[in-house]
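Inspection log for the structure reproduced underneath, given as structure tokens.
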Amino acid sequence: MTQTKLVGIFGGTFDPIHLGHLAVARYVLTHCALDSIKLMPCHLPPHRASPGVNSAERARMVELAISAEPKLQLEPLELSLQQPSYTVNSLTLLKQQDPAAHLCFIIGMDSLQYFRSWHQWQQILTLAHLIVLKRPGYSAQDGDAPALLTQYGISLPELSTQPAGGILLLDNPDFPQSATFVREQLAVNPAVQAMLPPAVLSYIQQHGLYGCAVSAAKV
Ligand code: ATP
């Protein structure tokens with residue numbers, strides 16, 4: 001009997017990718033025994049992008065952060081589009097590329113709390129499971145989370161035995177990093193540098209992103 005292929009999809013703004021994102025990916029990869037995880041930066045319309053940080057730069061930072069980890073891969077699907085893509089559309093394409101794989105869309109508890117407002121959220125659950133991580137400051141008792149977990153909650157083995165439609169809540173350690181905090185503090189608070197993978201910090205400093213002064217020749 002062939003083993004079910006489990007593919008994680010980790011969508012996000014990654015503006016910038018931080019150690020919390022990496023910790024999430026590594027934890028899910030190991031704990032859920034996924035075959036791989038695709039990190040999928042979303043396209044941002046120009047008026048929403050951080051000043052001076054475009055989609056190509058966000059993708060490059062993701063590449064730098066995961067370069068030593070072959071099971072973590074950049075998925076550039078949404079970046080080549082001219083407009084923001086709904087998750088349901090991206091998952092439809094990824095499912096078409098690999099119909100036998102069970103897709104597992106990875107989100108934090110903050111995202112689960114408003115998941116029922118996502119475009120065609122029920123359709124998303126026909127294409128993929130959700131793997132949800134605890135996140136400091138966000139309770140499983142708030143927003144959409146209790147109802148969704150009651151209706152769709154599954155256990156770890158069901159990622160393999162069911163093709164889609166379950167929500168697995170993990171009991172992960174706290175990963176306190178947030179991109180909003182990094183963007184707000186990086187230029188003024190050196191302690192925030194510890195929230196970033198070293199190669200990402202170097203890239204930010206060399207390109208003068210997020211209000212940091214340019215520190216060396218560009219790479
Ligand atoms: P921002 O502060 O700009 O909203 P973010 O740090 O939440 O950014 P995103 O790129 O928006 O990062 O996150 C992508 C996904 O990763 C979301 O589902 C989010 O819930 C999850 N996530 C990000 N950081 C963490 C974390 N520290 N712990 C658990 N989940 C996280």
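Coordinate-derived values only; no laboratory data. All figures in this text were calculated on a predicted structure; none of them were measured in a lab. Because the Cβ atoms are built from the backbone with ideal geometry, glycine has one as well, and the counts that use them run over all protein chains shown.
Values for this structure:
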| quantity | calculated |
| --- | --- |
| Interchain or long-range residues, amide H under 5 Å from residue 114's placed H | 144 |
| The range 88-189: relative contact order in percent, alpha carbon pairs under 8 Å with at least 6 residues between | 30 |
| Cut-off under 5 Å, modelled amide H: who pairs with residue 196 long-range | 19 |
| Amide H partners (placed H, <5 Å) of residue 42, local residues excluded | 12, 13 |
| CD proxy at 222 nm, helix term only [per DSSP H run n ≥ 4: -39500 (n - 2.57); per residue of the chain; nearest 500] | -9500 deg cm²/dmol |
| Förster radius 41 Å - calculated FRET efficiency between residue 83 and residue 141, Cβ distance, rounded to 0.05 | 0.70 |
| All aspartates and glutamates inside 17 Å of residue 95 as judged from Cα atoms, apart from same-chain residues fewer than 8 positions distant | 35, 75, 78 |
| Calculated FRET value between residue 120 and residue 26, using beta carbons and R₀ = 30 Å, to 0.05 | 0.50 |
| Sparse-neighbour loop sites [trypsin sites (Lys or Arg not before Pro); the range 5-72; at most 14 other C-beta within 10 Å; DSSP] | 5, 48, 71 |
| Spin-label pair residue 189/residue 63, simplified geometry with 7 Å Cα→Cβ offset, distance in nm | 3.1 |
